[in-house]
Amino acid sequence: MENSRSKVHFFPVDVTVEIEKGKTILDAAYKGDLFINALCGGDGTCGKCKVILGSGMIESMPTTHVSVSEAQKGYVLACSTKVMGNVEVIIPEESKLDKSQILVSEFPQFSGSLAAATAQVEHFPRDPLVKKVYLELSQPTLDDSMADYERLCREIMVKTHIPLEKLTTNLDVLKRLPHMVRNSDWKVTVTLGYRGSSVEIMEMQGGNVSEGNYGVAVDVGTTTVVAHLMNLSRGETIDIEATYNSQIKYGDDYIQRIMYAAENNAMELMQEVLVEDINHLISTLVKRNHLSIHDIHAVVCAGNTVMTHFLLGLDPTNIRKEPYLPTASFVPPLRAHEVGIKMNNNGLLYTLRVLALMWAAIFLPAPWQSDWTRQRSCRCLLILARMVRSCWAIKTGWCAVPHRPALLLKAVASPVAPVRLRALLKRCRLPKILMLRTRL
């Protein structure tokens, strides 16, 4: 059995991986969590995964992607070279994916976001999807013998004007409620989360801790994943962190990844590697800012339809087959732990609805424009929304925009034909609006 396994030692990273004989060098790199450029997902068609064989026994398929001079220097394709014994492999610079190359620009805080610019036109109040509210409850008496939960809901209704019939909660809150309110002298902080038409009392803490309300907005890109740590009480971006999307080793674009997942029964794997990236980003941000995972009550993920499907563990296969239908274009808020994201146990995961199957579009004034231009852009956006029958219902909440700050926007979009959308854009004459379009 010992002879059925081989060791692959990668340089210059100095990582050794043990795999079965007959597996490829690219398989060994995957197992060692090493990034080698394999845009085709290991099909041998792109020729980007060139590595240099230092020593050892291999079986390599002939290929036109390696020239004679390169072959003489020991170059082989990692995806089509089988390991038949212990080998040493050098990953050249041109085949590496260096995480240090990801640039995260300095962005303005909430005051410079689209929500603030729009507020100058329509005066939208800041109203995040998850908020903490400090309450001082009246103590029960013989004349006021309302049950603890109803007493709590009454005070929330008075403080926030949320209708009583929209309030709901979970069993954990109900179990802790009697002891919590009495041990805290009836002064508590509740965490409220919007879940569609209802508002959930997600958590309850003693005393006034309303300032400690944090969330993470994540841009789930095909190539990179960028996370913004937000203070929801103040509406500020605290920190930003980025990493490569680990799915990139299974294909450069999402069509290749769909094919890889379908052909290798790897739907769960695609979800796991993406969730691991998000968990790594959240963990890094939390540690760097001296917070706890328990402090994160909400995460919003924005991505194209395929990336959203992979994140939620939904099968995206039909997206690339006529009539090109997703499993869902809109998914209601979920418990983040249901997909494996590590944060507060009752924390919510929000994903954004796309405008249409072929378009995942977010409109944003370019950062270099003047205040007048930005205001005009936002006004055009509002006009556009009305013209497509309120295709965007904009209210301050959550949103994440690739390569821009995480914006506290809640955007609800209805499908609209791309041709119609282009015509509307031309009619509005939007001044240098940054439109992020995803073709599926």
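The values are calculated or read from the model by the stated rules, or taken from the named source; none is laboratory data. What you are looking at is a predicted structure, and each value in this text was computed from that prediction instead of being measured. Glycine gets a Cβ as well: all are built from the backbone with ideal geometry, and neighbour counts include every protein chain shown.
Points worth noting:
- Scoring HIS297 on the criteria (1) under 28 Å from ASP172 (Cβ atoms); (2) under 14 Å from the mean Cα position of the chain (by Cα); (3) assigned to a strand (DSSP E or B) leaves a single failure, condition (2).
- Which listed residue is touching a Cys at 6+ places or on another chain (Cβ under 9 Å) and either at pLDDT 90 or above or surrounded by fewer than 20 Cβ atoms within 10 Å (Cβ to Cβ) (or both), from GLY47, GLY32, GLY56: GLY47
The rows are residues; the columns are (1) touching an Asp or Glu at 6+ places or on another chain (Cβ under 7 Å); (2) modelled with pLDDT of 90 or more; (3) surrounded by 19 or more Cβ atoms within 10 Å (Cβ to Cβ); (4) not in a strand (DSSP E or B).
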site: VAL199; (1), (2), (3), (4): no, yes, yes, no
site: MET202; (1), (2), (3), (4): no, yes, yes, no
site: GLU211; (1), (2), (3), (4): no, no, no, yes
site: SER233; (1), (2), (3), (4): yes, no, no, yes
site: GLN247; (1), (2), (3), (4): no, no, yes, yes
site: ARG257; (1), (2), (3), (4): no, no, yes, yes
site: LEU291; (1), (2), (3), (4): no, yes, no, yes
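- Cβ-Cβ under 6 Å pairs, at least 6 apart or on other chains, region 315-341 side farther than 21 Å from ALA261 by Cα, far side aromatic (Phe, Trp, Tyr): PRO333/TYR350
- Any hit, region 11-21, residues being within 12 Å of ALA78 (Cα to Cα) and crowded, with 17+ Cβ neighbours inside 10 Å: no
Per-residue answers, yes or no, for (1) more than 24 Å from VAL273 (Cα to Cα); (2) touching a residue at least 40 places away in the same chain (Cβ under 8 Å); (3) in contact with a strand residue (DSSP E or B) (Cβ under 9 Å, 6 or more places away or on another chain):
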site: ARG5; (1), (2), (3): yes, no, yes
site: PHE10; (1), (2), (3): no, yes, yes
site: VAL17; (1), (2), (3): no, no, yes
site: GLU20; (1), (2), (3): no, no, yes
site: ILE25; (1), (2), (3): no, yes, yes
site: GLY42; (1), (2), (3): no, yes, yes
site: LYS48; (1), (2), (3): no, yes, yes
site: SER60; (1), (2), (3): yes, no, yes
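- Among (1) farther than 30 Å from LEU325 by Cα; (2) surrounded by fewer than 19 Cβ atoms within 10 Å (Cβ to Cβ); (3) touching a Leu at 6+ places or on another chain (Cβ under 7 Å) - the single one LEU229 does not satisfy: (2)
- Scanning region 263-286 for residues that are modelled with pLDDT under 90 and either in a helix (DSSP H, G or I) or hydroxyl-bearing (Ser, Thr, Tyr) (or both) yields a count of 1.
For (1) β-branched (Val, Ile, Thr); (2) farther than 25 Å from SER233 by Cβ, each residue gets a yes or a no:
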site: VAL133; (1), (2): yes, no
site: PRO140; (1), (2): no, yes
site: ASP144; (1), (2): no, yes
site: ARG151; (1), (2): no, no
site: MET157; (1), (2): no, no
site: LYS166; (1), (2): no, no
site: ARG176; (1), (2): no, no
site: LYS187; (1), (2): no, no
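- Among residues of region 156-179 being crowded, with 18+ Cβ neighbours inside 10 Å and in a helix (DSSP H, G or I), the one that is nearest to the chain's Cα centre (by Cα) is VAL173.
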